[in-house]
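Note sheet for the following structure.
Only the coordinates and a few stated rules stand behind these numbers; no lab work does. Please read all numbers here as calculations on a predicted model, not as lab measurements. Cβ atoms come from the backbone with ideal geometry, glycine included; neighbour counts cover every protein chain shown.
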Amino acid sequence: MEPTKKMDAAGALQTNPPLKLQPDRGAGSAVLVPEQGGYKERFVKAVEDKYKCEKCRLVLCNPRQTECGHRFCETCMAALLSSSSPKCTACQEGIIKDKVFKDNCCKREILALQIYCRNEGRGCAEQLTLGQLLVHLKNDCQFEELSCVRADCREKVLRKDLRDHVEKACKYREATCSHCKSQVPMITLQVPCSLVSPASRSIQVSLVHRIAF
């Protein structure tokens, strides 16, 4: 069984873990966008009300402004417009879809606000702009939780611990069988290879995997 570990030229582990939030590619550079509503990040300074959605009251995500001058998150506005008679939740004026516009100036100001890393509770002390969060989580944050890079391993570890896990702790790291001297996943050594035919080695790995988990 071949490990799925990838190394760069400097010997560093490379991973590309999935994130639950979706990147906003219309921002010029990728930024995190919540699936629904506004941002729930912890901001360094109190956020002014002008940067908060009139529907969800969170910090605006992809702000949309109505003819009456109030701002909403993109998804919150979509929810309002799904009504047969959409009204502004701030002033109760009717909302006309064709007169709702993207407030890109407000969006730039929001993405420049300082936040704490969402992994602050795990030990990350970084302060960065909201617009930098996606790149930080995907590439830099040592306290981001990642899946092991070996295909059969289901464990998740912090980025700072990933190398040690892959090389020293992963049940699927390669080890030398004392009987046949071949390189096999560590977990298969629970069953001596002398008791298992080469043809059934892959079946053994699958069975041990199910027993272990």
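To the nearest 20 debye, what is the magnitude of the charge dipole of region 18-143 about its Cα centre, counting +1 on the Cβ of each Lys and Arg and -1 on the Cβ of each Asp and Glu? Don't jump to the answer; show the numbers that get you there.
On the way: 20 positive and 15 negative charges, 28 e Å.
In debye, rounded to 20, region 18-143 gives about 140.
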Legend entry - Rounded to whole Hz, the Karplus (6.51, -1.76, 1.60) HN-Hα couplings of region 138-147, x for glycine and proline: 6, 10, 10, 4, 6, 10, 6, 7, 10, 7
Legend entry - Whole-Hz couplings from phi, Karplus 6.51/-1.76/1.60, listed for region 163-177; x for Gly and Pro: 4, 4, 4, 4, 8, 10, 10, 4, 5, 9, 5, 6, 9, 8, 6
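Count neighbours as other Cβ atoms within 10 Å of each site's Cβ, and list the trypsin sites (Lys or Arg not before Pro) in region 139-182 that are DSSP loop with at most 10 such neighbours. Walk me through the numbers before you get to the answer.
Working: sites: Arg150, Arg154, Lys156, Arg159, Lys160, Arg163, Lys168, Lys171, Arg173, Lys181; in loops: Arg150, Arg154, Lys171, Arg173, Lys181.
Answer by residue number: Lys181.
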Legend entry - Amide hydrogen neighbours beyond the local backbone of Glu93, cut-off 5 Å, H modeled: Cys88
Inset, instruction - Report, by chain and number, residues whose modeled amide H sits under 5 Å from the one on Lys55, excluding near sequence neighbours (fewer than 5 apart, same chain). - result: Cys73
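Scan region 41-133 for GluC sites (Glu not before Pro) in coil per DSSP, keeping those whose Cβ has at most 12 other Cβ atoms within 10 Å, and list them by number.
Working: sites: Glu41, Glu48, Glu54, Glu67, Glu74, Glu93, Glu109, Glu120, Glu126; in loops: Glu41, Glu48, Glu54, Glu67, Glu93, Glu126.
Of the GluC sites (Glu not before Pro), the ones in loops of region 41-133 whose Cβ has at most 12 other Cβ atoms within 10 Å are Glu48.
Give, in whole angstrom and from largest to smallest, the semi-axes √(5λ) of the equivalent ellipsoid of region 85-141, with λ running over the eigenvalues of the Cα gyration tensor. Don't skip to the end; give the middle numbers.
Details: eigenvalues 248, 34, 19 Å².
Those come to 35, 13, 10 Å.
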